[in-house]
Amino acid sequence: MARILITSAIPYINGIKHLGNLVGSQLPADLFARYMRQRGHEVLFLCATDEHGTPAELAAAKAGKPVAEYCAEMWQVQKDLSDGFRLSFDHFGRSSSPQNHKLTQHFAGRLAEAGLIREVSEEQVYSHADKRFLPDRYIEGTCPNCGYDRARGDQCENCTKQLDPTDLIDPRSAISGSTDLEVRETKHLYLRQSEMRGQLNDWIDSKTDWPILTTSIARKWLNDGDGLRDRGITRDLDWGIPVKKGEAEWPGMEGKVFYVWFDAPIEYIACAAEWVDAGKGDDWERWWREDKGAEDVRYVQFMGKDNVPFHTLSFPATIMGSGEPWKLVDYIKSFNYLNYDGGQFSTSQGRGVFMDQALEILPADYWRWWLLSHAPESSDSEFTWENFQASVNKDLADVLGNFVSRVTKFCRSKFGEVVPEGGEYGDAEVALVAELQGRVDAYQAHMEAMEVRKSAAELRAIWVAGNEYLQAAAPWAAYKEDPDRAAAIVRLSLNLIRLYAVLSEPFIPDASAAMLEAMGAAGADWPDTVGEALAALPAGHGFTVPDVLFAKITDEAREGWQEKFAGQRG
RNA sequence: GGCGGUGUAGCUCAGUUGGUUAGAGCAGCGGAAUCAUAAUCCGCGUGUCCGGGGUUCAAGUCCCUGCACCGCCA
């Protein structure tokens, strides 16, 4: 039995995530966690909300609420949605937790002791009307290059020129529109990542088994231009983790907080502490400290490609720089983007399907299956309603759902709601078991390797094999001449349903549970061999005919959704 | 502009270190069956593997170059 620590990129607090966000991190992480648990491994699967920073403050202000209250509410919303999608986190934490405050301050203190933090005085724009410093992109003005009047302080979107806020003509606050701005001197802490470039580079070089998408992004940041740059890790904000050196005050940094970029990944660790404090576990350090039991832990992270730099460089720099034996990530599974019907999903424009809307129109399993079987692994992939309807109807309703339906209903009509006795297994059954064993082996290999689409394809092939067998064995025909032969076929087929429920659990947990319940099966323990698994339900074992597992998506429904989700969510 | 990715059947995609007639699912066409959510099963693909050069006995698979789309640029 292995021990596997799994984290998925932590979603930002200011809103409900869309399906592209979901399939890029949390959903595949859940697939892997569920599979590993079923295989009997010890799994700790963590996720949290990322709550600090200017966007959270602004979203709270817009909602007319104190930021802490806003975040608490949005955390609950996101928690409920992750439950709705059956994401099996062992704990869903918050980056604003006391545990993270303590750990973030601890890391900062260690980094300072190691000489990896320097103080920098810089000039930043302060808005009197907003009573706050403004990040570059929250300052608007006229571009000195092209004259575009809504250029941002970091870059002009019109001519793409990189800008400094002080370059702008007639600068104003993007928050209030106020022009009462002032350039003030302020002091900030920088993490000296550049000092660790060699160490990080060697570490990345050692990860020969990582996807190219992951290592190429890391190498680019390490080697581009002057190489890895130092990064500011503090901000002049109210909402965040107060800057401290461990438990001690940090002279000159009063009233400042750590930048969200710095504290968010540390929440991966703090979340484990939250997990313990919530009474769900009793020792989080044995998952995170190599000197306290984590030396045999395998740590896997899931994320979209936009998050790769932070996970390959910034967070490792924090950990390595601390000089303490914290667990570094062993494998990073990164994803490309899911597009929506010819364009991008857009949170700001409300384009695409969001997690809350998805669950309002269809059960989680529909989305889980489609998203995972079309996961953007090798390149960006695309969601279209036609493809979604066709795939879900065919795979879930026709191939799997109908198999369950035809077997259970045939048995009920001929033998009653009990696994029939009599008859012997012959060549057809031997051949089926052999085929399934090969496919289950392949399925396991793909799941171990986190090959999501290939796993889905193999699982589907396993479902198809049942239909092929049933079609060829034709118990409805055999029943007329040789009822015992029909009984044997049905007995095996009922056992196939139970096996399918077990194998499908990581992808479609609700349907899996419904199938197990209908079959009166005890649990979803992974089979040692297919042959044994198909003998789990003995003759005489009672079952019930389940309700239709997957109702089909009609053309009318699909057309309605297509229109409804074209943009501007209401 | 720099960097990276992608470009394979109508659609969504597989194609390991270059090696036999380039594959899967869906859609389409033909057939079988009738237990089942009109659900299943069987059969059917002469595709400029984006274009053009090159290396090689052999390239979708390596090199150069052009084109298109996408992303990132702290």
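The values are calculated or read from the model by the stated rules, or taken from the named source; none is laboratory data. None of the values given here were measured: they were computed from a predicted structure. Ideal geometry is used to build each Cβ from the backbone, glycine not excepted, and the neighbour counts take in all protein chains shown. Surface areas here come from the heavy atoms of the whole protein model, side chains and all, with no ligands, DNA or RNA. Shrake-Rupley method; radii C 1.70, N 1.55, O 1.52, S 1.80 Å.
The listed peptides A:261-274, A:490-503, ordered by packing as a protection proxy, come out as A:261-274, A:490-503 (highest mean of other Cβ atoms within 10 Å first).
The distance from the alpha carbon centre of the range A:433-473 to that of the range A:488-522 is 14 Å, rounded to a whole number. Taking the average, over residues, of other Cβ atoms within 10 Å as the packing measure, peptides A:24-30, A:380-386, A:185-191 rank A:24-30, A:185-191, A:380-386 from highest down. Straight Cα distances below 27 angstrom link A:LYS480 to the lysines A:LYS409, A:LYS414, with same-chain residues fewer than 8 positions distant left out. Computed from the Cα positions only, the extents of the range A:117-191 along the three principal axes stand at 38, 26, 14 Å, in decreasing order. Comparing Cα centroids, the range A:340-358 and the range A:1-65 end up 18 angstrom apart.
Helix-only arithmetic for chain A: the sum of -39500 (n - 2.57) across DSSP H runs with n ≥ 4, divided by the residue total, places the mean residue ellipticity at 222 nm at -13000 deg cm²/dmol. Proximity of backbone amide H atoms, modeled 1.01 Å from N, is registered between A:PHE335 and A:MET303, A:GLY304, A:LYS305 at under 5 Å, excluding neighbours fewer than 5 places apart on the same chain. A Cβ-based charge dipole, computed about the Cα centre of chain A with Lys and Arg at +1 and Asp and Glu at -1, lands at about 240 debye. On the beta carbon distance between A:SER379 and A:ARG137, with R0 = 25 Å, the FRET formula returns roughly 0.30. Under a 5 Å amide H cut-off, with hydrogens placed 1.01 Å from N, A:HIS91 pairs with A:PHE45, A:CYS47 among residues at least 5 apart or on other chains. Measuring between alpha carbons in the structure, the pairs from A:LYS244/A:LYS327; A:LYS327/A:LYS454; A:LYS65/A:LYS256; A:LYS17/A:LYS79 lying more than 18 angstrom apart are A:LYS244/A:LYS327; A:LYS327/A:LYS454; A:LYS65/A:LYS256. Using a probe of 1.4 angstrom and keeping all protein chains present, the accessible surface of the range A:385-533 works out to 39 square angstrom per residue. Here's how it looks for A:THR347: its modeled amide H is under 5 Å from none belonging to a residue 5 or more places away or on a different chain. Simple spin-label estimate for A:ASP356 and A:ALA465 gives 4.4 nm between the two label positions (7 Å along the Cα-to-Cβ direction from each Cα).
Where nothing but the Cβ of Lys and Arg (+1) and of Asp and Glu (-1) is charged, how large is the charge dipole of the range A:409-451 around its Cα centre, in debye to the nearest 20?
Dipole of the range A:409-451, to the nearest 20 debye: 340 debye.
Of all complete DSSP H helices in chain A, those with a Cα span along the helix axis of 24 Å or greater and a mean Kyte-Doolittle hydropathy of -0.5 or more are A:67-84, A:260-277, A:427-448, A:452-473, A:483-504. Surface composition of chain A: carbon plus sulfur atoms hold 46% of the accessible area, using a 1.4 angstrom probe and ignoring ligands, DNA and RNA.
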